[in-house]
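Notes follow once the structure below has been shown.
The values are calculated or read from the model by the stated rules, or taken from the named source; none is laboratory data. What you are looking at is a predicted structure, and each value in this text was computed from that prediction instead of being measured. With ideal geometry, Cβ positions are generated from the backbone for all residues, glycine too; neighbour counts draw on all protein chains shown.
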Amino acid sequence: MKEKTINPISGWMPFLLTLALFFTGIYLFVIGIVAANLDESIESYIPYVLSGIGCVAIAVVCSFGCMVIRPNRSRVLLLFGEYKGSVKKPGFYFVNPFFNKLRLSLRIRNFQHEKPSKVNDSDGNPIEIAAVVVWRVVDTFQVLFEVENFVDFVSVQSDAALRNLASRYPYDCNSNDELSLRRSTDEINEQLRNDIQERLTNAGIEVLEARISHLAYAPEIASAMLKRQQAQAIIAARSLIVEGAVGIVQKAINELNQSNVVELDEERKAAMVSNLLVVLCSESPTQPVVNTGSIY
């Protein structure tokens, strides 16, 4: 079954009629008591008293049919255990007094892991990960009758989806084309939202946003992985420097050949390439030696 939205009648007219019936019953009851004091005959006041009691009883029963719904709130209506519909529109309404009216909030809620979960990424490295999930109720019937405790259900399924996501991707990678938990933040968060939504669809819950709030290596390997990241960063930086230096050297040789400033043989080209690479790739500033001439 799915949610069935209904629009009950306005409660103002039934409320006024209920008040009128209530005070009419009080009036008839008082008339009956006064008549009993003036006349000792039972037939003179019993009908008034019984009518007054009946009117008051009917008014009290009808008063249970009035209900107020605030914004982002809803009522699920049941009649002797049978689902009759849900009311989501704010206002003052009147329904069957024998309806069981269950309150349910439609406001946006947050779920956050109190403690990071420890899980292995796709490379087998133990990591700690936590997430924040923003969700709300969209189907009142499924929320109340498809799961036992929908708040606990959101918590358990979000944790399961987060663990599954963390095991499918590495914590970090050198390639820009491969997704990783640390670098591909937007893609990973969107994938996490989709995974959680897939698990919560049958529970009548919509996931508005899901994002990783904590991500770190487990303490037992944190220092070792930090050294590994530093080594990978140094290698990547060296590769970039060498690639740029080779381009600069090649451009310099090509421009010298095109401008005919000097003609270099293969041996002198090799020496110039070696010197330029040393200058461009050295970590510390180089001190060039200037040749001012020859004694011959």
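Figures for the structure shown
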read-out: Members of segment 71-83 found to be assigned to a strand (DSSP E or B) and exposed (fewer than 15 other Cβ atoms within 10 Å of the Cβ), listed by number; value: LEU79, GLU82
read-out: Filter result (over 12 Å from LEU200 (Cβ atoms) and either outside any helix (DSSP H, G or I) or over 19 Å from the mean Cα position of the chain (by Cα) (or both)) within segment 135-163; value: PHE141, LEU144, PHE145, GLU148, ASN149
read-out: Residue that is within 17 Å of LYS4 (Cβ to Cβ) and out of contact with any helix residue (DSSP H, G or I) (no Cβ under 6 Å at 6 or more places or on another chain), where the choices are ILE53, ILE69; value: ILE69
read-out: Residue that is surrounded by the fewest Cβ atoms within 10 Å (Cβ to Cβ), among those in segment 50-70 that are not aliphatic (A, V, I, L, M) and not in a helix (DSSP H, G or I); value: ARG70
read-out: Residues satisfying the stated conditions in segment 188-202, i.e. modelled with pLDDT under 90 and surrounded by fewer than 18 Cβ atoms within 10 Å (Cβ to Cβ); value: THR201, ASN202
read-out: Answer from SER213, SER223 - the residue that is at pLDDT below 70, out of contact with any helix residue (DSSP H, G or I) (no Cβ under 7 Å at 6 or more places or on another chain) and either loosely packed, with under 13 Cβ neighbours inside 10 Å or closer than 30 Å to GLN112 by Cα (or both); value: SER223
read-out: Residue identified as outside the structural domain of LEU226 (by TED's automatic domain parsing), buried (at least 16 other Cβ atoms within 10 Å of the Cβ) and under 20 Å from ILE108 (Cβ atoms) among VAL137, VAL151; value: VAL137
read-out: Any chance ALA130 is closer than 30 Å to ALA231 by Cα and under 16 Å from the mean Cα position of the chain (by Cα); value: yes
read-out: Sole exception among (1) β-branched (Val, Ile, Thr); (2) surrounded by fewer than 14 Cβ atoms within 10 Å (Cβ to Cβ); (3) under 52 Å from the mean Cα position of the chain (by Cα) for ILE46, by number; value: (3)
read-out: Matching option when the condition is modelled with pLDDT under 90, out of contact with any Asp or Glu (no Cβ under 7 Å at 6 or more places or on another chain), among the charged types (D, E, K, R) and in a helix (DSSP H, G or I), among GLU114, GLU43; value: GLU43
